[in-house]
Every structure is written in C-alpha cells, then in structure tokens.
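A.B. asks: What follows is a single structure, and I will ask about it in a moment.
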Amino acid sequence: MNATTISAFQSLETPFYYYDKSLLQSTLKTIQDEVSQYDDFHVHYAIKANANPQLLPLIAQAGLGADCVSGGEIQRALDAHFPANQIVFAGVGKTDKEILLALEHDIFSFNVESIPELLVINELAQQVNKIANVCLRINPNVGAHTHTHIVTGLAENKFGIPLADTEHAIHLAEQLPNIEFIGLHFHIGSQILNISDFTALAKRINELQEHLEGQGVTIKNINVGGGLGIDYANPEQTPIPDFKAYFATFAETLILRENQQVHFELGRSVVGQMGTLIARTIFVKKGTNKKFCIIDAGMSDLIRPSLYGAVHKVKNISSASPETRKYDVVGPICESSDVFVKDYEMPETHRGDLIAIMSAGAYGEVM
Ligand code: LLP
C-alpha cells in the first residue's frame with residue numbers, strides 16, 4: 001500500500017475493504033505457473049473465502065474452477081462466468097433447492113457428505129431426468145496443526161463419510177441409477193502451514209486407493225480440498241504463499257493411476273493477503289490500566305479475531321511517529337469480545353487516524 005493509495009483513502013467513508021487487485025493477479029499467476037507443470041492438477045477457488053462480485057471474474061479468467069458450499073455461491077460462480085463443468089459443490093446440508101440448481105447447470109461434481117444426501121441427490125436427479133456426477137467426501141481421520149474450529153478431517157468432525165463406510169458408499173453410488181460415481185473428496189482443515197499435514201493426507205489417500213483397487217474400484221478423480229495457510233504475522237514479507245512446495249508435496253507423495261485427475265480447493269491462500277480492512281479512529285481513551293484505540297470497524301466487519309482469537313496485523317497508516325504506545329484496538333459494538341488486538345504496539349494514535357487491519361481478504365467481508 002503506497003502513499004498515493006493511503007492519501008486517496010482520506011476522503012473515503014470508513015470502514016471499507018481495500019482489495020489489491022494487482023496482488024491478486026500476481027497470486028493467480030503464481031498458481032497458474034505452478035499448476036501448469038502438472039498435467040493432471042486442477043484448482044477450484046473456494047468461493048466461501050471471498051465472494052465479492054468484482055473479484056470473482058478475475059479468478060475465473062485466470063482459469064480456476066469454483067468450489068461452492070451453497071446455491072448462492074453456485075449462482076455467484078455462474079454470474080462470474082466460471083464454467084459449470086469446473087464447479088464442485090460441497091457442504092453437509094445441501095437443500096433440495098440448491099441440489100436442483102446444481103443439477104440444472106450440470107456442474108462437475110457434487111461432493112457428497114453422507115448416505116442420506118446421496119439418496120436425495122439420486123431421487124432429485126431422477127425427477128429432472130439428469131445424471132449427477134458425485135465425488136464422495138471421505139473423512140480421512142487426519143489431523144491438522146491449526147485452530148480447533150477449522151480442523152475438519154477428524155472422525156469427531158461433522159464433515160464427510162466415515163472412512164470405514166467408504167466401500168459401502170461407493171457400492172451404493174454405483175448402483176443408484178441417476179448417480180455417476182466419479183471420485184473421492186477430502187479436506188482436512190484450513191490455515192495449514194505445516195506441509196507435513198498434507199503429506200499425511202496424501203499417504204492416507206494412497207492407502208485407501210490401494211485397498212479400494214483390491215476391491216475392483218477405480219477412482220477417476222481425487223479432490224484433496226484446500227487448506228494452505230497464509231502468513232498473518234508478516235503479510236508484507238510473504239504476500240504470496242509457497243504454492244511451489246504445496247503442489248510439489250502432492251506431486252511427490254500421491255501415487256496416481258493413469259489418467260487420474262487431482263483437484264484442489266484453495267480459498268484463503270488465493271485471496272487472504274490482497275485484502276485489508278480500513279477503519280478510522282473515532283476516539284483514543286485511557287482506561288484504568290490501558291489505552292483503547294476505538295475504531296469504526298468492529299466484529300460485524302471482520303469476525304475472525306472475536307470468533308477464533310485470530311490475530312491480524314494492525315497498522316496506523318496515518319502516522320509514522322517514532323513514539324509508540326500500547327493499545328487495545330477495539331470496535332464500537334456493545335460486546336466485550338469486539339476487540340481486534342490487545343496490548344498492541346503502534347505509533348502514537350489520534351482521533352481521525354486511519355487503521356489498516358491486514359490479511360483480511362479471506363473470511364473477512366464474506367463472514
Ligand atoms: N474445501 C472445503 C471442503 C472447505 O471446507 C474449505 C474451507 C476449503 C476448501 C477452503 O479452505 P482454505 O483453502 O480457504 O483453507 N472461517 C475460517 C475458515 C473456515 C474454512 C472452512 N472450509 C477462518 O476464518 O479461518
């Protein structure tokens with residue numbers, strides 16, 4: 001964010017999300033460059049991370065498919081011209097209306113999370129005379145080193161079909177007349193920076209595939225989900241995540257069969273660093289033991305700090321004063337949890353100063 005951009009912010013009403021489209025473009029270019037080295041790799045952008053209609057067309061134009069978790073997201077994807085045959089649709093609670101929308105547009109795949117869901121998709125597909133492509137989402141019981149609220153691949157989580165039920169689910173899918181079984185789907189969690197978590201997933205997939213082959217099952221598509229994390233502590237030093245290492249991990253570990261296709265569902269790593277929440281300081285006040293910097297953005301604008309205790313880097317972009325103070329940077333909402341950061345060192349801050357909350361492009365505006 002340069003001085004011209006910051007001075008342009010002065011006349012704007014706050015709070016607002018600032019999206020750096022050129023960083024988004026460089027991130028997309030890095031992804032394309034890495035993925036193009038592997039013939040069988042396909043990336044779907046996880047729209048749940050940021051569904052802003054000004055950004056989606058840029059992501060679609062870069063050649064990514066879309067990963068959706070609601071009918072609304074499918075509609076946004078179609079409006080942004082993501083090809084329907086590159087849309088995948090996950091979620092534990094797909095409604096009939098959402099399933100029908102997906103059937104109408106012949107999406108690439110339903111990522112099916114339970115047997116009851118499989119039966120309903122078959123029934124609805126029968127009613128509208130369609131064949132639904134299905135990947136079964138298997139809960140691989142692989143942990144991830146991340147916040148407990150965003151671990152999804154453990155047996156105790158609500159996501160996916162239990163590993164032990166995989167064969168039964170595949171056989172059922174193969175028997176249902178309006179279902180085409182096209183592969184398996186996995187997702188172990190989000191904000192994963194420990195690359196060995198992905199190695200563990202790939203190894204679990206290898207074991208499962210070997211076992212299923214023994215039962216005569218062929219898997220055309222393997223969807224490994226998303227989860228690659230971003231550097232919240234140093235966004236300026238690491239604006240683009242290490243996609244090279246991420247894709248290489250799967251390329252080196254997953255044992256692929258002929259013509260098998262691998263799908264990725266990346267959200268945070270695509271849009272996280274290009275977004276900043278810009279707010280204005282309303283008051284600076286002294287408490288008994290603390291100083292509070294009260295800004296005009298709150299947990300209703302960015303809920304991650306109060307929901308997960310997530311720490312986003314905060315900057316006073318109006319002041320370069322060498323004098324620093326410790327502040328609790330808080331929002332205006334009548335909730336004690338409406339806090340962005342506590343005891344946070346910033347240049348001496350005054351009423352009217354602009355405050356930037358960094359790395360807010362993913363799971364910010366959309367939540
Ligand atoms: N695929 C599936 C099936 C998912 O559930 C998710 C995210 C993704 C892909 C994309 O994951 P990503 O690449 O963005 O890590 N609101 C939380 C994050 C929730 C993630 C939910 N699932 C946060 O603000 O940290």
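A.B. asks: Report the residue count in segment 71-90 for those that are within 14 Å of the ligand (Cβ to nearest atom) and open to solvent by 30 Å² or more (accessible area, probe 1.4 Å).
C.D. replies: The total comes to 0.
A.B. asks: Just one of (1) more than 16 Å from the ligand (Cβ to nearest atom); (2) closer than 18 Å to GLY71 by Cα; (3) part of a helix (DSSP H, G or I) trips up GLU123, so point out which.
C.D. replies: (2)
A.B. asks: Answer yes or no as to whether LEU208 is in a helix (DSSP H, G or I), away from the ligand (no atom under 16 Å from the Cβ) and without any contact (Cβ under 8 Å) to a residue 60 or more places away in the chain.
C.D. replies: Considered against the rule, which asks whether it is in a helix (DSSP H, G or I), away from the ligand (no atom under 16 Å from the Cβ) and without any contact (Cβ under 8 Å) to a residue 60 or more places away in the chain, LEU208 comes out as no.
A.B. asks: Does segment 197-206 include one or more residues that are under 30 Å from LYS313 (Cα atoms) and among the polar types (S, T, N, Q)?
C.D. replies: So in segment 197-206, the residues under 30 Å from LYS313 (Cα atoms) come out as 197-199.
Of the ones still in play, those that are also among the polar types (S, T, N, Q) are 199.
Yes; the residues of segment 197-206 include at least one that is under 30 Å from LYS313 (Cα atoms) and among the polar types (S, T, N, Q).
A.B. asks: Restricting attention to segment 249-293, and to residues there that are polar (S, T, N, Q), in contact with a strand residue (DSSP E or B) (Cβ under 7 Å, 6 or more places away or on another chain) and away from the ligand (no atom under 16 Å from the Cβ), which single residue is farthest from HIS312 (Cα to Cα)?
C.D. replies: Taking segment 249-293 as the starting set, the residues that turn out to be polar (S, T, N, Q) are 249, 253, 259-261, 269, 273, 276, 281, 288-289.
Okay, now just the ones that are also in contact with a strand residue (DSSP E or B) (Cβ under 7 Å, 6 or more places away or on another chain), so 260-261, 269, 276, 281.
From what's left, away from the ligand (no atom under 16 Å from the Cβ): 260-261, 281.
Details: GLN260: 39, GLN261: 36, THR281: 17 Å.
Applying the filter and picking the extreme gives GLN260.
A.B. asks: Considering only segment 299-310, state which residues are surrounded by fewer than 16 Cβ atoms within 10 Å (Cβ to Cβ) and either modelled with pLDDT of 95 or more or not hydroxyl-bearing (Ser, Thr, Tyr) (or both). Outline the logic, then answer.
C.D. replies: Taking segment 299-310 first, the residues surrounded by fewer than 16 Cβ atoms within 10 Å (Cβ to Cβ) are 300, 307-309.
Once the filter is applied, which keeps residues that are surrounded by fewer than 16 Cβ atoms within 10 Å (Cβ to Cβ) and either modelled with pLDDT of 95 or more or not hydroxyl-bearing (Ser, Thr, Tyr) (or both), segment 299-310 yields SER300, LEU307, GLY309.
A.B. asks: Does LYS315 satisfy the criteria of being more than 25 Å from the chain's Cα centre (by Cα) and either away from the ligand (no atom under 16 Å from the Cβ) or on the phi < 0 side of the Ramachandran plot (or both)?
C.D. replies: Spelling it out, it is not the case that LYS315 is more than 25 Å from the chain's Cα centre (by Cα) and either away from the ligand (no atom under 16 Å from the Cβ) or on the phi < 0 side of the Ramachandran plot (or both).
A.B. asks: Got at least one residue in segment 169-184 being within 11 Å of the ligand (Cβ to nearest atom) and within 21 Å of GLN261 (Cβ to Cβ)?
C.D. replies: No, segment 169-184 has no match at all.
A.B. asks: Just checking, how many residues over segment 164-196 are open to solvent by less than 10 Å² (accessible area, probe 1.4 Å) and touching a His at 6+ places or on another chain (Cβ under 9 Å)?
C.D. replies: Within segment 164-196, residues that are open to solvent by less than 10 Å² (accessible area, probe 1.4 Å) and touching a His at 6+ places or on another chain (Cβ under 9 Å) number 5.
A.B. asks: Let me ask something additional. Kindly check whether there is at least one residue in segment 91-105 that is within 16 Å of the ligand (Cβ to nearest atom), modelled with pLDDT of 95 or more, more than 30 Å from ALA164 (Cα to Cα) and not acidic (Asp, Glu).
C.D. replies: no
A.B. asks: Residues ASN50, ASN2: which one is surrounded by 19 or more Cβ atoms within 10 Å (Cβ to Cβ) and either of a type outside the set (Asp, Glu) or in contact (Cβ under 8 Å) with a residue 24 or more places away in the chain (or both)?
C.D. replies: One residue alone meets the criteria, ASN50.
A.B. asks: Separate question: Restricting to segment 318-339, and then to whatever is within 28 Å of the chain's Cα centre (by Cα) and not in a loop (DSSP other than H, G, I, E, B), can you tell me which residue is surrounded by the most Cβ atoms within 10 Å (Cβ to Cβ)?
C.D. replies: That would be VAL329.
A.B. asks: What are the residues in segment 340-367 that are part of a strand (DSSP E or B), within 15 Å of SER306 (Cα to Cα) and open to solvent by 30 Å² or more (accessible area, probe 1.4 Å), if any?
C.D. replies: Result: LYS342, single match.
A.B. asks: Additional query: Can you spot a residue in segment 217-226 that is away from the ligand (no atom under 16 Å from the Cβ) and in contact with a Gly (Cβ under 7 Å, 6 or more places away or on another chain)?
C.D. replies: Checking segment 217-226: at least one residue is away from the ligand (no atom under 16 Å from the Cβ) and in contact with a Gly (Cβ under 7 Å, 6 or more places away or on another chain).
A.B. asks: Ok, one more. Pull up segment 126-149, narrow it to residues that are within 22 Å of the chain's Cα centre (by Cα) and assigned to a helix (DSSP H, G or I), then point me to the one that is nearest to the ligand (Cβ to nearest atom).
C.D. replies: HIS149
A.B. asks: Any chance you could count how many residues in segment 27-67 are part of a loop (DSSP other than H, G, I, E, B), touching a helix residue (DSSP H, G or I) at 6+ places or on another chain (Cβ under 7 Å) and farther than 21 Å from VAL366 by Cα?
C.D. replies: Residues that pass the stated criteria total 3.
A.B. asks: I'm trying to understand the selection: among the residues of segment 8-29, which are over 17 Å from the mean Cα position of the chain (by Cα) and within 15 Å of the ligand (Cβ to nearest atom)?
C.D. replies: TYR17
A.B. asks: Now for a separate question. Cβ contacts < 6 Å: first residue in contact (Cβ under 8 Å) with a residue 60 or more places away in the chain, restricted to segment 315-336; second residue open to solvent by less than 20 Å² (accessible area, probe 1.4 Å) and part of a strand (DSSP E or B), any location; separation 6+ or different chain. Result?
C.D. replies: Close Cβ pairs satisfying both conditions: ILE317/LEU354; ILE317/ALA356; SER318/LEU354.
The values are calculated or read from the model by the stated rules, or taken from the named source; none is laboratory data. Computed from a prediction, not measured in an experiment: that's the story for all the values here. Cβ atoms come from the backbone with ideal geometry, glycine included; neighbour counts cover every protein chain shown. Ligands, DNA and RNA are excluded from the accessible area calculation, which covers all protein heavy atoms including side chains. Shrake-Rupley method; radii C 1.70, N 1.55, O 1.52, S 1.80 Å.
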